Every structure is written in structure tokens, then in C-alpha cells.
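The values are calculated or read from the model by the stated rules, or taken from the named source; none is laboratory data. Note that the coordinates shown come from a computational prediction; the quantities given were computed from them, not determined experimentally. Backbone-built Cβ (ideal geometry, glycine too); neighbour counts: all protein chains shown. Note: accessible area is taken over every heavy atom of the protein model, side chains too, but ligands, DNA and RNA are not part of it. Shrake-Rupley method; radii C 1.70, N 1.55, O 1.52, S 1.80 Å.
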Amino acid sequence: KAGVTQTPRYLIKTRGQQVTLSCSPISGHRSVSWYQQTPGQGLQFLFEYFSETQRNKGNFPGRFSGRQFSNSRSEMNVSTLELGDSALYLCASSLGDSSNEKLFFGSGTQLSVL
Amino acid sequence: QKEVEQNSGPLSVPEGAIASLNCTYSDRGSQSFFWYRQYSGKSPELIMFIYSNGDKEDGRFTAQLNKASQYVSLLIRDSQPSDSATYLCAVNYPPGTYKYIFGTGTRLKVLA
């Protein structure tokens, strides 16, 4: 079974630009979550989607948005990039039937904002 | 206030010893707790989860939960150099949601 696939693996952008990251979950998984990982703050929850609906949202500004498609693939968009948005963005998938499920993480997208 | 706290380490233990990793959480209503392992440059992978007070064993790993004291720990017996990684404690919070709060992780170094 293929794992969680995130593209691209690396991104370099400049301040003010926008970026779109993609995540393909494990086949059969309907829940996709996004996390931001930085050395100082660790893993921070952005949002979670299930069946094309955002079920949970973290404490990030509105510049961070996401969506999920009918095939469970998800995208995350960050507009008006700031230097502080430089981080590893991890996507995780799960079945989505229980809040006590194992999360399967992708390899992440390393975003650098210059 | 951050909901999940971990000592950042590094925690260094000799090969074959028991490594003890600790995590405290702030919300008494938290019910589900997870330990993830993250190797440098890799993504986190689940090692264990625990819901009930007491111990839960899986191979060389034992998770311990004490809800009264609001801490969860992970013991690694017969530590191996391949166990060297960052261990992340995660709590499902708010309970029943699909949101997980992660600690910043404890870096473990097992010395050969």
C-alpha cells in the first residue's frame, strides 16, 4: 500500500508570494490533517479535513487555508508569505472514524521563505 | 500555555539501558495519548498509544499513564543505537476531536 505522498518536497519562495502544497493520503483514508513543524515550536496543528469538510482548525491566521477533494487528496495554501512561515509542512492521513486513530505522516514539504 | 510539555534533552543512555521519556499535559479532560518517534530528517511514526491509567507494553516499549498526576511516560528497555531519535508525545485535544497537540519532543541518544 502506498504511503502518504506530499509534493513538492522542497519549495523556495519570497515574501508576499503564495504557495500551494499537495497531499495524497493512503488509499481508503478519508481524514487528512496538516501540521507545521519548526525547531522552536515543534509540530503545530493547522487543520483537518474529512469528506471534503474542515472538521477542526488550529490557531493559524487566515492566510493558511486548505481544501479536500472528493478523492480525499488535500491541498494547503498559504498566501502573502512571511519569513516566519519557513517550516516543514507535514500532512497526515487516517481513516477518520475515530479521534484515537494512528496518524500516518508524509515526508513533508520543506518551505523556505526568503 | 502549551498543553503538552516535554524535556527537550538530549537524554543520553548507554546501549542496553532503560530510557525513560516523560510528558506532562495540562488538561485533565485529556483521554488519549500517543508516542511518536521521529528520526532526523524523517517524518513521525507512531510507536504506542494509551488511553487507560497504568502500563501498556509492546515489545521493548512500555507506555505509562497517570491521569491524576497528568503525566505519560515511555520506557524503552534494552535501548539500542537505532532507538536514537526524537520522541514526540501527543494528546488528542480537545478530547473527541481530530486535533492532536504535540510536545516539542525529547531527543534520545543511545551510546554504543
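What to note about this one:
- For the range A:77-104, a residue qualifies if it is assigned to a strand (DSSP E or B), closer than 14 Å to residue A:47 by Cα and either out of contact with any Ser or Thr (no Cβ under 7 Å at 6 or more places or on another chain) or within 14 Å of chain B (Cβ to nearest Cβ) (or both), and the qualifying residues are A:78, A:89, A:90, A:91, A:92, A:93, A:94.
- Number of residues in the range B:57-68 that are more than 21 Å from residue A:43 (Cβ to Cβ) and open to solvent by less than 70 Å² (accessible area, probe 1.4 Å) equals 5.
- Selection from the range B:86-112 of residues that are aliphatic (A, V, I, L, M), within 14 Å of chain A (Cβ to nearest Cβ) and open to solvent by 10 Å² or more (accessible area, probe 1.4 Å): B:101
- Matching option when the condition is farther than 20 Å from residue B:32 by Cα, modelled with pLDDT of 95 or more and either within 13 Å of the chain's Cα centre (by Cα) or open to solvent by 20 Å² or more (accessible area, probe 1.4 Å) (or both), among A:46, A:88: A:88
- Top-ranked residue of the range B:22-50 - restricted to ones that are surrounded by 12 or more Cβ atoms within 10 Å (Cβ to Cβ) and without any contact (Cβ under 8 Å) to a residue 24 or more places away in the chain, ranked as farthest from residue A:5 (Cα to Cα): B:50
- Restricting attention to the range A:49-72 and to residues that are among the hydroxyl-bearing types (Ser, Thr, Tyr) and surrounded by 13 or more Cβ atoms within 10 Å (Cβ to Cβ), the residue that is nearest to residue A:32 (Cα to Cα) turns out to be A:49.
- Output for the range A:27-58, where each listed residue is within 13 Å of chain B (Cβ to nearest Cβ) and farther than 14 Å from residue B:100 by Cβ: A:29, A:30, A:38, A:39, A:40, A:41, A:49, A:50, A:51, A:53, A:54
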